[in-house]
Structure formats: C-alpha cells, structure tokens
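Values quoted throughout were computed directly from the atomic coordinates according to the rules given, and no laboratory measurement underlies them. Predicted model, so just to flag it, every value in this text is computed and none were measured. Here the Cβ positions follow ideal geometry from the backbone for every residue, glycine too, while neighbour counts run over all protein chains shown.
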C-alpha cells in the first residue's frame, strides 16, 4: 500500500473505527477472536448432489457420473448467523478483511481433518485455485472473495496456488439469483473453461468457494479441470447454502 493509501486507511479508522460484526466491540477486528472461537466447524459430510452422508464428503457412486467434483468439504454451517453475516459483508459490503476470519475457520477445519479424521487434504501434487468471477462481476466488486480466502489458505499451509487456471465468460445472471437447479446448470454451462496453455495433468486441484448451493459452479470448474488432465478435484467451501 502506498503512503496515500495508508493515510486514507488511518483516517477511515479514526472516523469509522472497525468493530466486530459479532459482538459489536469497537477497535476489534471485524470478527474478534472471542466470537471466532465460538463458531463450530462442520463435522458432517454429504454428497455434493444427492446430499446423502458419505465418507469425507466423497461424491456417491450414484451421483459420480454427472458430478465431476470428487469430494466436497464444507468448513462451517451457513445457518450460523455469524458465518452468514461475514460472508455477506465480504461479498456485498466489500469488506475484504473478512476473508481473514473465514480463512481461519478453514484453517481450523483442515487441522481437524488431519488430527481427528486422519485425512490429509494436501498432497505433494496439490494446487489450490478459486472459483473465477466474470470480468463484470469482478470489476463491480473489485476483488474475488473466493480468491482472497484461497490465497490465505495456500499461504498458511505453504501449498501452490494458481488463480489463472480457470476463466469465466458469458454468465448472464449470478447463480445466487437463480433458485431452480436446472436453470442454474443452463446458466453456467460452458461459461467456465481452462485457460489456454494450462496443464493440470496428474494434479489434485482444490477449488475454493465461499458458498456452494447446488454444486453446479463447482462441477463446472471440475469439468474444465478434468478436461485438462486433473486426476482429482475437491471442492472446499466455507459454507453450503
């Protein structure tokens, strides 16, 4: 950040001091440690499509043909009001700092997987990426919220990340505005592709998103990645709406 940016940030903090969106205490981060510790991680695993309980969120055999995502890992419960508020403020109030506590929840979840479930999500050939935004959406928001979260996770666990793997074009409406599953699928079909001259052959790719509802966006990402040679695609989302 340049000097002018630092001065502007200092003035904003002076006039509008940050406060925790959970407890409201002034001078705290947007989610203070006390409130963050109180958020429980999700310990249930379900198939991305049918919703049946599966081992570690693996896509069940009956759904595997139409769902190229191999596994869905969900960090927290979207019904938790603090999780929901943090995600909404990140996306629609443009508070980029909220990517940090959401990333911390993912950190806690990944460590739980490793310690309590003896499952290592990261392998030597793992690449972390994020669900891409359309250029219009990215210009409107000014950042890709899923990319911010994914970058934090990659930095904390020292895993390779690449946010140029996937491109998104031609999406007419944001998926969140469409309730019908079939319309969601049609809306996003053929809008996510692997960028030119990109190879993911033999890699496990973890695709990070803030919220997954029907899984159609993650599946579109997985379809493009597997078309480029990825051996496995895992969806890692903060919550499932």
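The calculated FRET efficiency for residue 85 paired with residue 199, based on their beta-carbon distance and R0 = 35 Å, is about 0.30.
Most tightly packed first, judged by the mean number of other beta-carbon atoms within 10 Å of their residues, the peptides 143-153, 44-54 read 143-153, 44-54. When peptides 107-117, 59-69, 126-136 are ranked by their average number of other Cβ atoms within 10 Å per residue, the highest-first order is 126-136, 59-69, 107-117. If R0 equals 30 Å, the separation of the Cβ atoms of residue 137 and residue 33 corresponds to a calculated FRET efficiency of about 0.40.
Look at 240, 137 and count the other Cβ atoms within 10 Å of each Cβ; fewest to most, that gives 137, 240. Would region 41-240 count as rounded, prolate or oblate if I go by the C-alpha gyration tensor, calling it rounded below 1.5 in a/c and otherwise prolate when a/b exceeds b/c, oblate otherwise? Because its axes are fairly even, with a/c under 1.5, region 41-240 counts as rounded. Of 123, 214, the sequence from fewest to most neighbouring Cβ atoms within 10 angstrom is 123, 214.
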